[in-house]
Amino acid sequence: MTLWADISRVAMGANVLALLALCAVWARNYRQFRSKHTLGLLVFALMLLGENALGLYYFLVDPTLTGWFSGLPDIAATALMALRLLETLAIGFLLWVTLD
């Protein structure tokens, strides 16, 4: 399980960093253009950033949940890791499209 938890932690950390970059770009664009679409992207990124930051806190800092995640069966840990990796790929694609 430790390998899956470590991969999930790295994915969540990458998500947080990428979402911070996306929020910075979309906030700048919203200030400049005042577009509802850009505001929607910014709010979405902020909520996803909150979800990933809270998940990272639970995986790294919270003693109760860190122990619980470490004791997950491999099938559950693999499923959680796969979801985090899919999320990382999706955010990475959004970052690529936004910065291109």
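If you average the C-alpha positions of region 36-100 and of region 12-32 separately, how far apart do those two centres end up, in angstrom? What the calculation gives is 14 Å, centre to centre.
Projecting the Cα atoms of TYR57, PHE33, LEU46 onto the charge dipole of the chain (Cβ charges, centred on the Cα centre) puts PHE33 farthest toward the positive pole.
Stretching the chain fully between ASP74 and GLU51 yields a gain of 6.0 nm (0.36 nm per residue, less the alpha carbon separation).
What FRET efficiency comes out for ASP62 versus THR2 if R0 is 22 angstrom and r is the Cβ-Cβ distance? Round to the nearest 0.05.
For R0 = 22 Å, the calculated efficiency reads 0.85.
Every read-out reported here was derived from the displayed coordinates using simple, explicitly stated rules and does not represent laboratory data. These numbers come from a predicted model, not from an experiment. Note: ideal-geometry Cβ built from the backbone for every residue, glycine included; neighbour counts use all protein chains shown.
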